[in-house]
1. If I ask for residues that are of a type in the set (A, V, I, L, M) and crowded, with 20+ Cβ neighbours inside 10 Å, which ones from the range 370-391 would you list?
2. Picking from 747, 700, which residue would you name as being loosely packed, with under 13 Cβ neighbours inside 10 Å and modelled with pLDDT of 50 or more?
3. Just to confirm my filter: which strands (runs of 3 or more DSSP E) fall fully inside the range 23-108 and include at least 3 residues that are surrounded by 17 or more Cβ atoms within 10 Å (Cβ to Cβ)?
4. State whether the residues of the range 622-641 include one that is surrounded by 15 or more Cβ atoms within 10 Å (Cβ to Cβ), touching a strand residue (DSSP E or B) at 6+ places or on another chain (Cβ under 8 Å), in the same structural domain as residue 714 (by the TED database) and part of a loop (DSSP other than H, G, I, E, B).
5. State whether one or more residues within the range 552-569 are within 28 Å of residue 147 (Cα to Cα) and open to solvent by less than 70 Å² (accessible area, probe 1.4 Å).
6. Report whether or not residue 410 is in contact with a strand residue (DSSP E or B) (Cβ under 8 Å, 6 or more places away or on another chain), open to solvent by less than 20 Å² (accessible area, probe 1.4 Å), in a strand (DSSP E or B) and modelled with pLDDT of 85 or more.
7. Would you mention how many residues in the range 659-678 are surrounded by 14 or more Cβ atoms within 10 Å (Cβ to Cβ), at pLDDT below 80 and not charged (D, E, K, R)?
8. Suppose the filter is on the phi < 0 side of the Ramachandran plot and in a helix (DSSP H, G or I); does residue 552 pass it?
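The values are calculated or read from the model by the stated rules, or taken from the named source; none is laboratory data. Quick caveat: nothing in here was measured; it's all calculated off a predicted structure. Positions of Cβ are generated from backbone atoms using ideal geometry, with glycine treated the same way; all protein chains shown enter the neighbour counts. These area figures cover heavy atoms from the full protein model, side chains too; ligands, DNA and RNA do not enter into them. Shrake-Rupley method; radii C 1.70, N 1.55, O 1.52, S 1.80 Å.
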Amino acid sequence: GLFVTDYFTCTPRKLSPFCSFASIELFHFHIPEDTVIAVWNLITFKEQGGTFGDQCPDRVSKQPALYFRSGAPSVINPLHTHFPRDTAVPGSFALTLTWTLPNRTTGVFNVTSPLPGDWFLAAHLPKDEGKISVKVKGLGGTGLYEECQYHFQPQLIVQCMVNIAVLYPGYFTEQSMAPHNHSCLYKVFVPSYTSRVLVEVLQCRGAEGCPLWLRVRAKAPPLHNSTALDCREHAPCQLVLDLPFWQHWYYMLVEKHPGVRGTVSFQVTVQLTDCSRPRLAHPPFLPSSTSMNMPHSFSSVGGLVLGDSPPPTSPNGTKHLVPIPTTSPASELCWPVHPMLRNELDTFSVHFYIFFGPNVSVPPDRPAVFVINLLPVLDSGGVLNLELQLNVSSLCGENATVFGCLNHEVPLMSSDNASVTCETESLAGFLLSVNATASLSRLWIPYPQMGSWYLSLRLLCATEHGFEPCTNVTAEVYLRAYLSPCINDCGIYGQCKLLRTNNYLYAACECKAGWNGWGCTDNAEAFSYGFQLLSTLLLCLSNVMFVPPVAIAIRSHCLLEAAIYIFTMAFSTFYHACDQPGIVVFCIMEYDVLQFCDFLGSLMSVWVTVIAMARLQPVVLYLLGAMLLSMALQMDRHRLWNLLGPSLFALGIMAITWTARTIRRRHCYPPTWKRWAFYLCPGVLIAAAAVLLYAFVETEENYIHSIWHLLIASSVGFLLSPRAKPNGHLGPLPQRKGCRYQLCINEQEELGLVDTAMASINSTCIS
C-alpha cells in the first residue's frame, strides 16, 4: 500500500512539580484514521536565565513523568493516594524520561496501529519538598539567582495507509497475493444494532494448503495480539465477533505464514447480523446507505448505490453476492435503546434526561437499555456521574436485584439472563447493582471517553442456585446521569478548578489542609482541626510583634510610621486568616484586596523605616514610595525585587544622608557606639536574616512565615531609634507672616544621640 506521513508539534511549556492534576501540562493531539504507526518525539531541556541550564540538577526529583491516553486525558495518581469510593479509574501508558545530556534529553514513544481520534499527553515533574518559589529575576534579566526551569516539547509523526480496500457486507472479494507480498489489509464499517460480525476466508489455494493468518481488530489495523485465526488449522476459516463496537471500522489483515513465498489466492467476505431487522428475506445491509448509518467517508470510498444495485468493482478484485440466512440467530440479543436528552447548564454541567423519566421500569423478561452521548472534546474533561436508586416497594417482597452494566460504544446484551458480569473478551464495562438492602448505587468516571455510553438494566432474582430471571415482578429504578466538573465538587477540603490548554478545557481538584486524592478525600496526611486552628493563630498572632515598633514610633512622634505599622499589622492578620488552606478561615473582604494590602503594608514598613533612619522629613519621599510600590505589586506580587528594590533605594538615600553629615560634621555619623552596638547592628542582622529566610528558606509551613513576621517586626523596633523630645527651656519661636518653611536643626539629633534623659537640647530654627 501507499503511505502518507504527517507531522504535528506543540510549543514548549514549563513543567511544574506535581501536587494535583491542576499542576500538570496537558498536550492534545489528533491521530487520523488508517494510521499504522505513531511516533512521539519527546524533548525536554533546561533553562536558566534565558540560556541553557547546564548547571541545573538532573537528579531523580527532576525527571519528567509522562502519561498517554486515547480518547480522554489520563487519570494519574503519582502520589498513590486513595480515590473516592465508587470511582472508576481508567488505565494509561506511563513513562519517565532520564537526562542523557547536561541541558537536554530526548525520548521516543512508538505506538503501532494507534486508535484514531484524540490523544492526550500529560507531563509533570516529581513532587518537590514544598518550598515556596520566589521570583528573584531583576530588571534587564539580572538577579540574585536565576531559577532552573524545565521545559517540555512533544512532537508527533504519523504514517497513514491510503486506499485500504473496503469490504461490503454480503459480498466477497477475490484476491491473489503475489510472492513478494506478505499481507493484505481490508476494512468494513459496522453500523449500529449489529450483534455479530462474521469474517470468512474462502477458496484459499496455495503451495502448502492455506498458509494464511486472519486477524481482526476494531478501529485500527490489527496487531500481533489481536483476535486471530490460523486458516491452516481451521476449515472453514471463519472468525466470529459477538457484540462488535457500533459505528466503527473493523480492520481485517490476511497475512502469510512466515517462510511462505509462493502465490496464494483466496476470497474474503464479511457478514453482519442486524438484530433490529431479523425478518428480512434479503441481505439486511443492501437497501440503502441511510439505513446503514454509515459515515460520509464510507459512501465516498466505495460509491455505494442506493437500492439493490451491487457496489462497483474494486481494483483489489471482483465482488459477488453471498447468500445470507433469512433468520438472524442473534435476534434475541437486540433490544430497543432509549436515548437520553441532553440539557447543558454550564461548562461540564450537563444533565441527561429520559422520556417520561427519571423513574424507569425494568421488566423481568428483557433488559432496559439507555444511551448517553458524550460530545467529542467538549465532555471528556469532566466527570460522568451515574446514580441508581431502587424503589424497594416495587419489588413486592421479592429477593430481586437490578444489575446495571455501563459499556462504551456497544450495549452488553448477553443471552445469558443469569449472568452478572459486564465484561467479555473484547469488551470492558462497569457493574452497578441495587436491591432491597443497598438501594442506592453510584459510579464516577473521571475524564470519560467521548462517544456513546450504553447502560443496560436487568432484573434478576436470587435463588438457591444463583440468580435467575424473575417472574411477574417489575422493578422501578430512579436513574440519574449527569456531567460535573469534579467529583462531588472536591468536597470541603478542595477547590474545583477549570483549566485550559489551547482550545481544550478540563477540570481538576486542588486540595488543601493536607488532604489529597482525586476528590480530596484521602486524609492520610490531613491536618486536624486543632492543628489548623493552632497554625492560623500562630500566623495571625505573630503580627502582635508590631506593637513595640508602634509604641516606639508614637513615643518618638513618628505618627506616620506608626500609622503604617498599624496598617501592616491589621491587614497581615486578616490576610493570613483568610489565606488558610483548611476550614479555619475568616475573610472580612475579598482575598485579592487583603493580599494587596498585606504586601503593600509590608513593603511600606520597610520603606518608611529606612527613610526615618535617614532623618529625612519630606513627605514627597513617602508618597513616591507608596506609588512606586503599588505599581510594582500590581505587576507582580511575588517578585523578590519588590522587597529588595525599595530597601536598597532607601538604603542608598540613607547612606548619602549619613555620608553628607559625616563630611559636614567631620566625624562618623552616628557618632555614638551605643547606637551601633545596641540598635543598628542587631537591627541590620535581624533584617538580613528575614530577607534570607524569605528568599531561600520559606516553605508552605505556617511556622516559617510566622518567624518571618517576628524577624521583620523586631528589626523595625531596633532600627527605628527613638528621637529626643524638645526641651521646655526653649522660648517661643518668632512668628513671621507669609508662607515660608522653617528648618529646625536639632543638635542632639545631628550627633545621633538616642538617650532622651540627657541634658537640655539646643535647637536653632532658621527661616
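1. 372, 374, 383, 384, 386, 388, 390 - these are the residues of the range 370-391 that are of a type in the set (A, V, I, L, M) and crowded, with 20+ Cβ neighbours inside 10 Å.
2. Working: 747 fails: modelled with pLDDT of 50 or more.
Of 747, 700, the one residue that is loosely packed, with under 13 Cβ neighbours inside 10 Å and modelled with pLDDT of 50 or more is 700.
3. 25-31, 35-48, 65-70
4. yes
5. No, that holds for no residue.
6. Details: in contact with a strand residue (DSSP E or B) (Cβ under 8 Å, 6 or more places away or on another chain): yes; open to solvent by less than 20 Å² (accessible area, probe 1.4 Å): yes; in a strand (DSSP E or B): no; modelled with pLDDT of 85 or more: yes.
So residue 410 does not fit the description; no.
7. Qualifying residue count, the range 659-678: 6.
8. yes
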